[in-house]
Amino acid sequence: MATAEYANTQPTLANRPTILYEPGTGVGGGSFWSYEFYAKGPIVYARTDSTLRTLVQAGPKTVFTTAEYVDSLTTHGFSVHRLAIFPYYHVSQLTYDFLNPATRSKTLLPYVLVEVK
């Protein structure tokens, strides 16, 4: 939700399509669902590098994904510019490590909003 709110308030991102990049056959989940619900711009899913490559041929695109996948995009030849990083935790699955402020940061999964060329 925080990522969608950020994108909605940035003049260069508001109402611009966002690609939710999740390789494989999964539905994304987690922070993707919130982003898809709250974002004002259109949403497109990309499940493969080749799909993403086709989408960025027309010009740079805003992509929302995990930090792990951002790193893989760079190694697969995409030019990636990080716009913002947002920590995510599935709050319905609370653990002691999350509840403890001293260990919370190691339980968070970073989701990243990037521009991909």
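Listed by chain and number, the lysines whose alpha-carbon sits under 28 Å from that of Lys61, ignoring those within fewer than 8 places in the same chain, are Lys40, Lys117. When restricted to Cα atoms, the chain yields an Rg and a Dmax of 14.5, 46 Å, respectively. Computed on the chain, with alpha-carbon pairs under 8 angstrom and 6+ residues apart, the relative contact order is 29 percent. Each of Thr48 and Lys117 was given a label point 7 Å from its Cα along the Cα-to-Cβ line. The distance between the two points is 2.6 nm. Here the Karplus curve 6.51 cos²θ - 1.76 cosθ + 1.60, taken at θ = phi - 60°, turns the phi angles of the range 94-103 into couplings of 4, 10, 4, 4, 6, 5, 7, x, 6, 10 Hz, with x standing for Gly and Pro.
Values in this text are rule-based calculations from the coordinates and carry no lab data. On a predicted model such as this, the values are computed, not experimentally measured, just so you know. So basically every Cβ, Gly included, is an ideal-geometry build from the backbone, and we count neighbours across all protein chains shown.
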